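Asker: A single structure is presented below for examination.
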């Protein structure tokens, strides 16, 4: 029991828990609200892409559901494809 409590305290100090506490259990994009049993579907997105940039005020985080988070990370890939920027360079 002591070990479980220690692990829980360590997790509570992590950026995900801080972001959830600061920003609530809601997706910043689609506004889906989460309950304890679905909270695993809410993720923390680092706005600048740097997972080591975790300011205490949470200014680099936004809570996104797994679907919006995936869309955020693939929108550049889709844009590159649609504009031809992903095409191999020809000599």
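The values are calculated or read from the model by the stated rules, or taken from the named source; none is laboratory data. Only a predicted model underlies this, so the values are computations on that prediction, with no experimental measurement involved. Neighbour counts are summed over all protein chains in view; Cβ atoms, including those assigned to glycine, are modelled from backbone coordinates with ideal geometry.
Asker: Give me a count of the residues in segment 80-91 that are at pLDDT 70 or above and surrounded by 11 or more Cβ atoms within 10 Å (Cβ to Cβ).
Answerer: So the answer is 2.
Asker: Kindly indicate which of 48, 37 is at pLDDT below 95, in a loop (DSSP other than H, G, I, E, B) and more than 14 Å from residue 64 (Cα to Cα).
Answerer: Testing whether each residue is at pLDDT below 95, in a loop (DSSP other than H, G, I, E, B) and more than 14 Å from residue 64 (Cα to Cα) leaves just 48.
Asker: Quickly run through segment 9-18 and pick out the residues that are surrounded by 11 or more Cβ atoms within 10 Å (Cβ to Cβ) and either modelled with pLDDT of 95 or more or more than 16 Å from residue 66 (Cβ to Cβ) (or both).
Answerer: 12, 14, 15, 17, 18
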